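Novice: Quick one: the structure is below, questions incoming.
The values are calculated or read from the model by the stated rules, or taken from the named source; none is laboratory data. Everything numeric in this text was worked out from a predicted model, so none of it was measured. Don't worry about glycine lacking a Cβ; one is built from the backbone with ideal geometry, like all the others, and counts go over all protein chains shown. Remember, those area values only see protein heavy atoms, side chains included, never the ligands or the DNA or RNA. Shrake-Rupley method; radii C 1.70, N 1.55, O 1.52, S 1.80 Å.
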Amino acid sequence: MNTLPVAARAYVTTVIVVGGGLLVLGLPHAPFAHPLLFVALLALATASAALKVTLPLTTSGSTMSVSYAVDFASLLLLGPHETMLVAAGSAFAQCNLNRKEHNPLHRTLFSMAALIVTVQGAGLAYNLFSLPDATNAWTAMARPLVAAATVYYLLNTGLIASAIALSQRQRVPIVWQTNFLWSAPSYFVGALTAQAAATFIQHSPYWWLVPLFFAPLYLTYRTYKIYMGRIEDQQRHVQQTSDLHLATIEALARAIDAKDQPTQSHIRRVQAYATGLAKAVGLSDEDIQGVKTAALLHDIGKLAVPEHILSKPGPLTQEEFQKIRIHPQVGAEIIAAVPFPYPVAPLILSHHERWDGKGYPQGIFGEGIPIGARILTIVDYYDAVTTDRPYHKALSHESAIGLLKHEAGRALDPSLVQTFIDIVPTLLIAADLVEPVAKPSEAKRHGSGTTTVGLVPGRATAFENIALAHREIYALYEIAQSMGTSLGVSDTMALISSKLTKIVPWSGCALYLLQDDDGKLKCRFTAGVGTGELLNTGIAVGEGLAGWVARNKRTVVNADPRAALEAAGLSGDTPLKSAIVCPLSVGDTFIGCLALYHTEPNRYTEDHRRLMERVAEQAGAVIHNSIVFEQTQEDSLTDPLTSLPNRRSMFVHLTRELARAERLKNEVALIVMDVDEFKAINDNYGHHVGDRALREVAIALQNGLRSYDLCVRYAGDEFIVVLADCTRAAAEAKRLELQQRVSEIELEVRPGKKLRLAASAGAAVYPYDGSSYETLLADADQRMYRDKSARREELRGAQFVGADVFDNTFGTLRAS
């Protein structure tokens, strides 16, 4: 009883009370004029109640027996008051006889009370529609009989259907129509049979004929049994077909889920969370099944979204986000063609709607969003923030709960959020039982702590193979994309090596490039364990692994990495145990080798060879372009006089730093400096002295900066310093420091004559003084000229004070 919903408990209690009240009120009016007939009917009703069939369309354990015909005959022969006991006895027998499991007391009492109410209602209808003065005997008999049978049928089935519906949170009309509408003819046939038997008994010795009345009841029971058996067979076939369809759909959904390796088992966890939340808020079994199915299929529309958008690690562009927004509509259109017996497509369509109406695709809000979709939104949000994604790291459970509370009333239904928070510990235990879709073979990348996945054919599951195939496609896409975003050799290799970890495991990585001057291979890039000593070392063609690959233009797999160290003149002691080295070419021209090393012996497979050679096809041309770019950049971005970067270099660097600062919400400082009285130096002492002054200023400024700051000779005697991650206070302090460094420079312009330099400076800080390099440069330049004017005024004041002191001294001397 305690397991029933509140409404069902109240209903069951009410029916029991009403039935008990009718029994107490009716018994004093029972005449018991034919005690033997009463006992015989009670025994017959009890025996026929044992001949029962289980209703195949319910999950409540409800049964139906043929004892209603005996109850109806008793109603005609004995009246409603005595028949209450006959019906109650048949109900008790039906609930407790011939059962494998014990029937709860409240169910037995409810069945007895329901039949008492039914008998009293049918008796009342029979008396109301009786026509004692009717001239036609058939009319006088048929009218009350039909009325009583109708009331008996409606009350009996209606009371039971209501109890089933309330206990299972379903609608009463649907339960009644599904389970009891088909039985209506049998009630009227049973009533007609009972009338015939009653008439026959009234005109014959009843004690001989009552036992014979059991025969047609048994035949009726057998007919029901056969009919119910066929219904059960059909239902079993329908259920098996439905299970087959759902299993097929689930397999496809899991295959879709397996595409996105970082979110493997996402749909299974969402399904577990959503089902638990739907049960907690009291949805009907039908709606719970709809939520469960929609949770399984909610991301099926992502088939229409390109993989590189789904796995993009950074923010989406507006166009990419618009592409993402179509997946609920696409998923709903796909599922709309499947004739589910419960709503699924509307839930998929609305699972990205927001409580405040700012969601998509329809922009509906509040309770206008289907409750199943609101459940999916909450559990999908929770699982998304608590698992690693390409664009964010997983949050802790506590942080995720904080986000749910923050979004309650905004994106999420506040009442459902609170319910979910209350039950989520239980749901997490249930979700832990969900078997992951794929458990990829993993190998630690030593030195970096990054987990990489190796392709292990024959040992991978079907879902793992799907995941690995899509990861390979996306990793190659990322490598190709990253190659177009970097120009320098080091930057290009850093990107390529980081992307390679997703498809080829490595503990160390190195790039060897063929040098034009000496014909040797020079190591231009290293990363990871045991490769640091290789950087900038040279290897002759034919020596070591890289030299062998350079000579033979073929990939070598699982070679001994010690050969690479020994060829470079280094010690052979290394933690590296296996290597794969692939040639890089541009057209038919060999330019170098790409080498990966691992701490496990024989780590690399033929699959790794295939992937490395595919990467090399793209990397060769890009690395060659990077080499050309670096040489051109060195020639075009350097000031020949001071060896500092020039104006063009500054614009490239500053644009990159401003973009980085905007993304990370950092600050960037720009200091403009101008050598004071530089024209006078050139005019008075010659341009060779002026050039020497500029070189000394460049050295002084460069020595005062961090390794990642930039000092540029902008034009003539003007220098610009770019300071990354620099606050306004730090920029002002650095400006004064650099001015001090310049003021300490002394040039010997003539034998015995030295000249001390000075510089004016102004600073501007992003984002406070401007959001572009033009506005920052203009602001810093203006402040520099104000500083220059102030310095000139200060110099004039110093000269005036000096002249006044001289006059006073001269006057004193003359006076003495």
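Novice: Quick one: if the Förster radius is 30 Å, what FRET efficiency do Glu744 and Asn666 give, using the C-beta to C-beta distance and rounding to 0.05?
Specialist: Here the calculated transfer efficiency is 0.45.
Novice: Moving on. Calculate the spin-label point distance for Ala184 paired with Ala30, positioning each point 7 Å from the Cα along the beta-carbon direction, and give it in nanometres.
Specialist: Going by the 7 Å Cα→Cβ label model, 3.3 nm.
Novice: Just to confirm my numbers, what's the Cα centroid distance between the range 151-195 and the range 608-686 in Å?
Specialist: Cα centroid to Cα centroid, the span is 86 Å.
Novice: Cross-link list Lys279/Lys405; Lys292/Lys502; Lys302/Lys665: which exceed 27 angstrom alpha carbon to alpha carbon?
Specialist: Working: Lys279/Lys405 21 Å; Lys292/Lys502 33 Å; Lys302/Lys665 32 Å.
Exceeds cut-off: Lys292/Lys502; Lys302/Lys665.
Novice: Subtracting the Cα-Cα distance from 0.36 nm times the residue separation, let me have the gained length for Gln318 to Val146 in nm, one decimal.
Specialist: Computed gain between Gln318 and Val146 is 54.8 nm.
Novice: A further question follows. Quick one: with all protein chains in place, what share of the accessible area of the range 1-43 is carbon or sulfur, to the nearest percent (1.4 Å probe)? Could you put the intermediate results ahead of the total?
Specialist: On the way: 2030 of 2620 Å².
That share works out to 77 percent.
Novice: Quick one: order Phe92, Phe629, Phe38, Phe365 from most to least accessible surface, probe 1.4 Å.
Specialist: Phe365, Phe92, Phe629, Phe38
Novice: Within the range 521-557, whose backbone N sits under 20 Å from a point 7 Å along Cα→Cβ of Asp607?
Specialist: 556-557
Novice: Once you place label points 7 Å from the Cα toward the Cβ at Gln234 and Leu105, how far apart are they in nm?
Specialist: Rounded to a tenth, the inter-label distance reads 4.1 nm.
Novice: Name the trypsin sites (Lys or Arg not before Pro) in the range 641-683 that are in a loop by DSSP and that have at most 13 other C-beta atoms within 10 Å, would you?
Specialist: For trypsin sites (Lys or Arg not before Pro) across the range 641-683 that sit outside H, G, I, E and B with at most 13 neighbouring Cβ atoms in 10 Å, the list reads Lys665.
Novice: Run the dipole for the range 579-676 about the Cα centre, Lys and Arg Cβ at +1, Asp and Glu Cβ at -1, nothing else charged, and hand back the magnitude in debye, nearest 20.
Specialist: The calculated dipole for the range 579-676 is roughly 360 debye.
Novice: With a 1.4 Å probe and all protein chains kept in place, how do Tyr773, Tyr766 rank by accessible area, largest first?
Specialist: Highest to lowest solvent-accessible surface, that is Tyr773, Tyr766.
Novice: Now for a different question. Give the calculated FRET efficiency between Leu246 and Asp560 to the nearest 0.05, with a Förster radius of 56 Å applied to their Cβ-Cβ distance.
Specialist: Working: r = 54 Å, r/R0 = 0.96.
It comes out at approximately 0.55.
Novice: Also: Eigenvalues of the Cα gyration tensor times 5, then square-rooted: what semi-axes does that give for the range 598-705, in whole angstrom, largest first? Spell out each step's value before the answer.
Specialist: Working: eigenvalues 420, 74, 37 Å².
Here the semi-axes work out to 46, 19, 14 Å.
Novice: Arranged from highest to lowest average of other beta-carbon atoms within 10 Å per residue, in what order do the peptides 316-326, 607-617 appear?
Specialist: My ranking of the peptides, most packed first, is 607-617, 316-326.
Novice: Taking a virtual spin label 7 Å from the Cα of Lys753 along the C-beta vector, which residues in the range 675-707 bring their backbone nitrogen under 14 Å of it?
Specialist: Only 680-687, 689-690 pass the distance filter.
Novice: Per residue, how much accessible area does the range 598-677 have with a 1.4 Å probe, in Å²? Each step should come with its number before you reach the end.
Specialist: Values: 4130 Å² over 80 residues.
Spelled out: the 1.4 Å probe surface of the range 598-677, per residue, equals 52 Å².
Novice: Sticking with this one: Between Ala384 and Leu192, take the C-beta separation as r, use R0 = 56 Å, and let me know the FRET efficiency to the nearest 0.05.
Specialist: 0.30
Novice: Something else about it: For Asp517 paired with Thr199, estimate the spin-label separation in nm (one decimal), with each label point 7 Å from Cα along the Cα-to-Cβ line.
Specialist: So the two model labels end up 12.4 nm from each other.
Novice: Students often forget the sequence filter, so: which aspartates and glutamates lie under 18 Å Cα-Cα from Lys323 once same-chain residues fewer than 8 apart are removed?
Specialist: Candidates past the 8-residue exclusion: Asp260, Asp299, Glu307, Glu333, Glu353.
Novice: Something else about it: In whole percent, how big is the carbon plus sulfur part of the accessible area of the range 627-783, probe 1.4 Å, protein atoms only? Display every interim value, and only then the final one.
Specialist: Numbers: 3930 of 7900 Å².
Answer for the range 627-783 is 50 percent, counting heavy atoms of protein chains only.
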